Each structure stands twice: as structure tokens, then as C-alpha cells.
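Student: Before we start, here is the structure in question, set down as C-alpha cells.
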Amino acid sequence: MQLKTTRFLAPSGWAAPLPTAMDGPRTLVLAFGASAFAEQPQPFAELRAAFPQAVLLGCSTAGEVIGSQVHDDSIGVAVARFAHTELRHAATELQGPHDCRPAGARLAHQLQAPGLRAVFLLGDGLHVSGSALLVGLAQNLADDVHVCGGLAGDGERFARTWVLDGGAPAQRRIAAVGLYGAHLRIGHGRDGGWSTFSPGQRITRAEGRVLYELDGRPALDLLQEYLGEHAAGLPAAALRHPLALERAPGTEPVLRTIVGIDRQQRSMTFADDMPPGGTARLMRTGSDELIDSAGRAAARATQGLGRHDGPLLISISCAGRRLVLGARAGEEFATVADGAPCRAAQVGFYAYGAIARGPGGGAGELHNQTMTVTAISESAPRTPA
């Protein structure tokens, strides 16, 4: 597998010439960029022209990652040319808030083919319910298929996110690539690094991703009480304090991020469904805890790889983690790079959520405020004895 990374920055352009010789049907091009490129799509047209045979995927971000560096107002690109792994592109438009599960089924049907080993997908961060999307995928994919990816970001603005569709940024889209063949090697790791600090509040009223009441009180009122003077910065201020959602007593909590508020309804909109009857607790963390969690995620993803393997590392962290880390944001990606094989190439972005389903069945989860690392490589073909 060949790997190259580069970066686009207006007005200077590409940091290095695009490696057009790597184009081919087994080439994957990933492009993660600032949301403002929706009005300046020329770099994506250049990528499409440079790699006409390749699968091109990308989305908007809350910060782009190349190597161990975090950038803004740029496009980070990774080009991976596989020797033996086949690729197939799939995409669908989201018809409305209740279309996420059917959208997952549509993607699965487009990707179904012998030898499917993994699916990497990207979705609109303001309109996609990740858990419903994963249910639709899981119901139509074999249990041994890895599913991973993320939801597009828009910094602290929460105004517009996009996914590349046909080489152009588009809203309300979900796009994916299927990876096929016995030579594919894929590892995945995730870790949060957060701890709870508020008592459990029962979700007494919610509809889909919108949370209206906790313990019979308006959800936004309770959040503002905890945030105090920082409540004026909502919804961005809530990125520092996600909710730990426990769907039922004794189940493993998942983290949920607020992506919007309605001051008139006194409600909050989350990156994924908030089921009535569940229990929610506010969380907090510090920089050291987040950086350490990135190292643990990387160790799980690269477990079993040799020091001289050359995997593509796709690292997806969440926007709230960047707010907490501040100037230290690059350190969590440096920690991933430090623990990776020496020929690894890292690309990624700050997202509104990460998606993960390992082999073995189950629908998988949308993970907020979590570092997820996916390591993709190929095994060499066996030589005859």
C-alpha cells in the first residue's frame, strides 16, 4: 500500500504537487476541510481531476489533521493506493430526520458484494443520527464487517456541515467506501478520558435527538444552572460538558454532545438520539486525561502491527475535546503518531461525532467527545512453498 499526504491552504494552494501517478480504482482519497470551502470548492474539483478513477471521500471539520498537526481554514488530504484491496463508493441523500435508518440500509445495499471487510463513512454532522444510521447498516451487513467513520463538523458555529458528493460539498449527505478482500487489515481503538460530576437526571421527555425535559424540568434550565456564567456561550460552551447517557440501569454509558439549543422551547439538540427513560450525567475532563486517552485509542488500533508496517491512521476526535485542549490540541494527535509504526501516515479531523462497529455483530455506536483511531493496512500475499 502506498501512502501520501498533503495540504491545501488558500491562497498559496497545494503544499506539494498532487501525486497523480497514484490514481487508480484501488486508490482512496480522503479530504477533510474547513466548512468555508463549500463556497470555494475548486480544490475538490482539482482532486477529482487528479484522481478520476479513485474513490474520493471528505467532509467539513472543526479542525483538520495532517501528521501530528491541527490546522484551520485548510484541506488535509491522504491518498492511499492499495495493492490488493478493492474499493466501492456509495452515497445517499438524507430525506429528513426519520430517514437515517433507511439511509443506512440504502448504503449497505450499494456496498453489498463478496469479500466486504470494512465500511468507512462520513455524514452530515447537523442532520444525521449516527445510531439510527448504524442500525440500518447493521441490519443489512454481515456481522464480521467493520464500520467506522465520523460526522462532519463546523467549528464552534453549528451552522453548516457538508460531505463530498461527486467531488463537491453537499449538505444532508452520507457517503461511504467499502473495502474488499482478504489482504485488508483493519484495527480500531477508541477512548474518552471524561468523568461524571453531576447526579443522574432521568430523561422524562425527548423526541429523537431533541431533549426537552430532565426529571420533569426543562432540560436547558438545568444545563444553565450547572454552567452558570458560562451559559451565555451556549451551544459551544456545552462542548466542554457532554452528557454521559445510560440507556438502562447497568448498561455502559455513551457520550452525547449538544449541537444546538432552542431557548424558546428550553430544549437541547444532540448529535444522536436521547431515549426517554435513560439517565444523563454531565461530564468534565482535563488536557492530560484527553491526551492519555488518545494514546490508549491508538494502542488498541495498532495492536498486532509491526513497527515497520505502514498503515493509514484515520484519527477522529470531537470538537469539545479541542475546546478543552486549547493550544495543546495537537498533542493528542502527536500521541497517536508517537505510538504508531514508523511508516504510518496520519490524517483526520475534529468532528461532531465518531462512528464505530467492530466485527461480531451489534449495531455499533455514535461516540461523542471520544478519540477514535482506525488503522488500515494490507498483508502481503503468501508466496508458494
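Computed from the coordinates by the stated procedures, all read-outs in this text should not be read as laboratory data. This is a predicted model, so every value here is computed, not measured. All Cβ positions, even for glycine, are placed from backbone atoms using ideal geometry, and neighbour counts span all protein chains on display.
Student: Each label point is 7 Å from the Cα along the Cα-to-Cβ direction; what then is the distance between the points at C342 and E252, in nm?
Tutor: So the two model labels end up 3.5 nm from each other.
Student: Under the definition of Cα pairs under 8 Å and six or more residues apart, what whole-number percent is the relative contact order of the chain?
Tutor: Normalised by residue count, the contact order of the chain is 21 percent.
Student: Provide the net charge surrounding G136, with neighbours chosen by a C-beta distance below 10 Å and charges set as Lys +1, Arg +1, Asp -1, Glu -1.
Tutor: Around G136, the surrounding residues sum to +1.
Student: Next up: So how far apart, in nm, are the two label points at R300 and Q69 if each is 7 Å from Cα heading toward Cβ?
Tutor: 3.0 nm
Student: Note the angle between two axes, namely the Cα long axis of helix 287-301 and the longest principal axis of the Cα atoms of the chain, as a number of degrees from 0 to 90, rounded to the nearest 10.
Tutor: Once rounded, one gets 40 degrees.
Student: Convert each backbone phi in segment 14-27 into a coupling constant with the Karplus relation 6.51 cos²θ - 1.76 cosθ + 1.60 (shift: θ = phi - 60°), then list the ³J(HN,Hα) values in order as whole Hz, x for Gly and Pro.
Tutor: After applying 6.51 cos²θ - 1.76 cosθ + 1.60, I find 6, 5, 8, x, 5, x, 4, 5, 7, 5, x, x, 9, 9 Hz.
Student: Select from V55, A78, G228 the residue farthest towards the positive end of the dipole of the chain; place +1 on Cβ of Lys and Arg, -1 on Cβ of Asp and Glu, and compute about the Cα centre.
Tutor: Of the options given, the answer is V55.
Student: Also, I was wondering about something else. What is the local net charge at A78, summed over the other residues whose Cβ is closer than 12 Å to its Cβ (Lys, Arg +1; Asp, Glu -1)?
Tutor: Summing Lys/Arg as +1 and Asp/Glu as -1 gives +2.
Student: Another question, if that's okay. Classify segment 54-167 as rounded, prolate or oblate from the Cα gyration tensor: take a ≥ b ≥ c as the square roots of its eigenvalues, call it rounded if a/c is under 1.5, otherwise prolate when a/b beats b/c and oblate if not.
Tutor: oblate
Student: What is the angle, in °, between the Cα long axis of helix 329-338 and the longest principal axis of the Cα atoms in the chain? Nearest 10 is fine, range 0 to 90.
Tutor: Orientation of helix 329-338: about 40 degrees from the principal axis.
Student: Kindly work out what percent of the DSSP beta bridges joining two residues of segment 58-191 are antiparallel, to the nearest 5.
Tutor: Of all bridge pairs located within segment 58-191, approximately 75 percent are antiparallel.
Student: Can you list residues whose amide H is under 5 Å from G278's amide H, if they're 5+ apart or on another chain and H is modeled 1.01 Å from N?
Tutor: I203
Student: Is the shape of segment 284-373 best called rounded, prolate or oblate, per the rule: a/c under 1.5 gives rounded, else a/b larger than b/c gives prolate, else oblate, with a ≥ b ≥ c the square roots of the Cα gyration tensor eigenvalues?
Tutor: oblate
Student: Dipole size in debye (nearest 20) for the chain around its Cα centre, Lys and Arg Cβ +1, Asp and Glu Cβ -1? Let's see the in-between values first.
Tutor: Values: 35 positive and 36 negative charges, 119 e Å.
Value, rounded to 20: 580 debye.
Student: May I pose another question? Please list 3J(HN,Hα) in residue order for segment 218-223, calculated via the Karplus relation 6.51 cos²θ - 1.76 cosθ + 1.60 where θ = phi - 60°; whole Hz, with x for glycine and proline.
Tutor: After applying 6.51 cos²θ - 1.76 cosθ + 1.60, I find x, 4, 5, 4, 5, 5 Hz.
Student: So if a site counts as exposed when it's one of the trypsin sites (Lys or Arg not before Pro), its DSSP state isn't H, G, I, E or B, and it has at most 14 other Cβ atoms within 10 Å, what's the longest stretch of the chain without one?
Tutor: Numbers: sites that count: R157, R263, R307, R343, R382.
Longest stretch, sites excluded: 1-156.
Student: Which shape class applies to the chain: rounded if a/c is under 1.5, otherwise prolate when a/b exceeds b/c and oblate if not, where a ≥ b ≥ c are the square roots of the Cα gyration tensor eigenvalues?
Tutor: Note, shape of the chain comes out prolate.
Student: Also, I was wondering about something else. How large is ³J(HN,Hα) for each residue in segment 199-215, as worked out from phi by the Karplus curve 6.51 cos²θ - 1.76 cosθ + 1.60 (θ = phi - 60°), to whole Hz, x for Gly and Pro?
Tutor: Along segment 199-215, the couplings run x, x, 10, 7, 7, 9, 8, 7, 9, x, 8, 9, 9, 9, 9, 10, 6 Hz.
Student: Also: Give the separation of the Cα centroids, segment 138-157 to segment 256-280, in Å.
Tutor: The distance from the Cα centre of segment 138-157 to that of segment 256-280 comes to 20 Å.
Student: Segment 223-247 to segment 1-23: how many Å between their Cα centroids?
Tutor: Segment 223-247 and segment 1-23 have Cα centres spaced 39 Å from each other.
Student: Okay, moving on. Give, in nm to one decimal, the length gained when the segment between A232 and R160 is fully stretched (0.36 nm per residue of separation minus the Cα-Cα distance).
Tutor: Full extension of this stretch gives 23.8 nm more.
Student: Would you mind calculating the gained length between F197 and Q2 on full extension (0.36 nm times residue separation, minus the Cα-Cα distance), in nm to one decimal?
Tutor: Gain on extension, F197 to Q2, equals 65.6 nm.
Student: Treating only the Cβ atoms of Lys and Arg (+1) and Asp and Glu (-1) as charged, compute the dipole magnitude of segment 195-283 about its Cα centre; round to the nearest 20 debye.
Tutor: Values: 10 positive and 11 negative charges, 3 e Å.
In total the dipole reaches around 20 debye.
Student: Would you please give the FRET efficiency between H89 and W14, computed as 1/(1 + (r/R0)^6) with r the Cβ-Cβ distance and R0 = 22 Å, to the nearest 0.05?
Tutor: Efficiency, from the Cβ-Cβ distance: 0.40.
Student: How much mean residue ellipticity at 222 nm does the chain get from its helices, if each DSSP H run of length 4 or more adds -39500 (n - 2.57) and you divide by all residues, to the nearest 500 deg cm²/dmol?
Tutor: -5500 deg cm²/dmol
Student: Now, a different point. Can you give the FRET efficiency for A21 and E207, using 1/(1 + (r/R0)^6), R0 = 56 Å, r = Cβ-Cβ distance, to the nearest 0.05?
Tutor: Here the calculated transfer efficiency is 0.60.
Student: Follow-up. Quick check: net charge around G167, other residues with Cβ under 14 Å of its Cβ, Lys/Arg +1 and Asp/Glu -1? Walk me through the numbers before you get to the answer.
Tutor: Working: positive: R48, R173; negative: D23, E46, D165.
Around G167, the charge tally is -1.
Student: Sticking with this structure for a sec: Using only the alpha-carbon atoms, how far is helix 100-111 inclined from the longest principal axis of the chain? Give it as 0 to 90 degrees, nearest 10.
Tutor: 10 degrees
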